[in-house]
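The values are calculated or read from the model by the stated rules, or taken from the named source; none is laboratory data. Remember, predicted model here, so these are calculated numbers, not experimental data. When we count neighbours, we look across all protein chains shown, and the Cβ atoms used for this are built from the backbone with ideal geometry, even at glycine.
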Amino acid sequence: MASMKDQLRGLVYSTEHGRTCPQCEQPEDSCICDQLQDQARLETLDGIVRIRRETSGRKGKGVTTLSGIPLSEPELKALAKKLKKVCGTGGALKEGVIEIQGDHRDKLKLALEKEGFKVKLAGG
Ligand SMILES: [Zn+2]
(Lines give C-alpha, C1' and ligand atoms only; values in the text may rest on other atoms or scores of the structure.)
Protein backbone atom coordinates (compact mmCIF):
# COMPACT_ATOMS: atom_id res chain seq x y z
CA MET A 1 0.00 0.00 0.00
CA ALA A 2 1.29 3.44 -0.95
CA SER A 3 2.02 5.88 1.84
CA MET A 4 0.04 9.11 2.18
CA LYS A 5 3.05 11.04 0.90
CA ASP A 6 3.29 8.90 -2.21
CA GLN A 7 -0.41 9.27 -2.78
CA LEU A 8 -0.18 13.04 -2.50
CA ARG A 9 2.78 13.14 -4.87
CA GLY A 10 0.76 11.07 -7.32
CA LEU A 11 -1.95 13.69 -7.19
CA VAL A 12 0.36 16.48 -8.21
CA TYR A 13 1.07 14.70 -11.49
CA SER A 14 -2.56 13.98 -12.17
CA THR A 15 -3.83 17.55 -11.87
CA GLU A 16 -3.95 17.96 -15.63
CA HIS A 17 -6.76 15.42 -15.72
CA GLY A 18 -10.18 16.63 -14.72
CA ARG A 19 -11.08 19.71 -12.77
CA THR A 20 -9.10 21.20 -9.97
CA CYS A 21 -10.48 22.57 -6.72
CA PRO A 22 -9.90 26.36 -6.77
CA GLN A 23 -9.19 26.42 -3.03
CA CYS A 24 -6.65 23.70 -2.42
CA GLU A 25 -5.60 23.24 -6.06
CA GLN A 26 -6.04 19.49 -5.83
CA PRO A 27 -8.12 17.56 -8.34
CA GLU A 28 -11.77 17.79 -7.26
CA ASP A 29 -11.86 14.05 -6.62
CA SER A 30 -9.19 14.35 -3.98
CA CYS A 31 -9.99 17.80 -2.65
CA ILE A 32 -8.40 18.24 0.78
CA CYS A 33 -10.35 21.34 1.84
CA ASP A 34 -12.34 19.40 4.44
CA GLN A 35 -9.14 18.02 5.85
CA LEU A 36 -7.54 21.46 5.99
CA GLN A 37 -10.62 22.90 7.65
CA ASP A 38 -10.56 20.11 10.20
CA GLN A 39 -6.90 20.78 10.86
CA ALA A 40 -7.53 24.51 11.30
CA ARG A 41 -10.30 23.76 13.77
CA LEU A 42 -8.07 21.40 15.77
CA GLU A 43 -5.36 24.03 15.97
CA THR A 44 -7.69 26.48 17.73
CA LEU A 45 -8.61 24.05 20.50
CA ASP A 46 -7.22 24.17 24.04
CA GLY A 47 -7.95 20.53 24.85
CA ILE A 48 -10.91 21.24 27.08
CA VAL A 49 -14.32 19.97 26.06
CA ARG A 50 -17.13 22.35 26.90
CA ILE A 51 -20.59 21.05 27.64
CA ARG A 52 -23.40 23.50 27.27
CA ARG A 53 -27.16 23.26 27.29
CA GLU A 54 -28.90 25.25 24.63
CA THR A 55 -32.61 25.91 24.62
CA SER A 56 -32.98 29.09 22.59
CA GLY A 57 -35.31 28.61 19.66
CA ARG A 58 -35.83 24.98 20.52
CA LYS A 59 -38.77 23.17 22.03
CA GLY A 60 -38.69 21.28 25.30
CA LYS A 61 -35.38 20.51 26.91
CA GLY A 62 -33.27 21.74 24.03
CA VAL A 63 -29.96 20.13 23.27
CA THR A 64 -26.67 19.55 25.00
CA THR A 65 -23.73 20.70 22.90
CA LEU A 66 -20.17 19.45 23.21
CA SER A 67 -17.59 21.73 21.69
CA GLY A 68 -13.82 21.81 21.63
CA ILE A 69 -13.38 18.04 21.38
CA PRO A 70 -9.83 17.49 20.12
CA LEU A 71 -10.66 14.81 17.56
CA SER A 72 -10.70 14.63 13.78
CA GLU A 73 -14.01 14.56 11.96
CA PRO A 74 -14.25 10.75 11.57
CA GLU A 75 -13.38 10.24 15.24
CA LEU A 76 -15.96 12.84 16.22
CA LYS A 77 -18.57 10.96 14.22
CA ALA A 78 -17.76 7.75 16.04
CA LEU A 79 -17.85 9.53 19.40
CA ALA A 80 -21.20 11.18 18.62
CA LYS A 81 -22.63 7.78 17.84
CA LYS A 82 -21.37 6.38 21.12
CA LEU A 83 -22.72 9.31 23.13
CA LYS A 84 -26.13 9.10 21.49
CA LYS A 85 -26.27 5.49 22.61
CA VAL A 86 -25.20 6.40 26.15
CA CYS A 87 -28.03 8.93 26.39
CA GLY A 88 -30.53 6.89 24.40
CA THR A 89 -31.36 9.86 22.24
CA GLY A 90 -30.67 11.47 18.88
CA GLY A 91 -28.08 13.99 17.96
CA ALA A 92 -26.01 15.58 15.26
CA LEU A 93 -22.52 16.69 14.40
CA LYS A 94 -22.14 20.26 13.12
CA GLU A 95 -18.80 21.83 12.33
CA GLY A 96 -16.94 20.00 15.05
CA VAL A 97 -19.69 20.40 17.64
CA ILE A 98 -21.66 17.38 18.82
CA GLU A 99 -25.31 18.06 19.61
CA ILE A 100 -27.21 15.61 21.78
CA GLN A 101 -30.96 16.03 22.14
CA GLY A 102 -32.21 16.75 25.64
CA ASP A 103 -30.36 17.73 28.78
CA HIS A 104 -27.73 15.08 29.44
CA ARG A 105 -24.92 17.20 30.81
CA ASP A 106 -24.04 14.99 33.77
CA LYS A 107 -24.20 11.79 31.78
CA LEU A 108 -22.10 13.23 28.96
CA LYS A 109 -19.53 14.68 31.35
CA LEU A 110 -19.10 11.28 32.93
CA ALA A 111 -18.89 9.50 29.58
CA LEU A 112 -16.29 11.94 28.21
CA GLU A 113 -14.18 11.80 31.35
CA LYS A 114 -14.22 8.03 31.03
CA GLU A 115 -12.79 8.50 27.53
CA GLY A 116 -10.00 10.58 29.01
CA PHE A 117 -11.14 14.10 28.07
CA LYS A 118 -10.93 17.21 30.23
CA VAL A 119 -14.46 18.42 30.57
CA LYS A 120 -15.95 21.71 31.69
CA LEU A 121 -19.61 22.51 32.16
CA ALA A 122 -20.21 25.92 30.62
CA GLY A 123 -23.15 28.28 30.72
CA GLY A 124 -26.87 27.45 31.10
ZN1 LIG B 1 -10.33 21.71 -2.22
Is it the case that the stretch 18-41 has a residue that's at negative phi, in contact with a Gly (Cβ under 6 Å, 6 or more places away or on another chain), at pLDDT below 95 and surrounded by 13 or more Cβ atoms within 10 Å (Cβ to Cβ)? yes
Exclusive hit being in contact with a strand residue (DSSP E or B) (Cβ under 7 Å, 6 or more places away or on another chain), of a type in the set (A, V, I, L, M), outside any strand (DSSP E or B) and touching a residue at least 24 places away in the same chain (Cβ under 8 Å), set Leu76, Leu66, Leu112: Leu112
Subset of the stretch 26-46, residues within 16 Å of the ligand (Cβ to nearest atom), part of a helix (DSSP H, G or I) and among the hydrophobic types (A, V, I, L, M, F, W, C), comes to Cys33, Leu36, Ala40
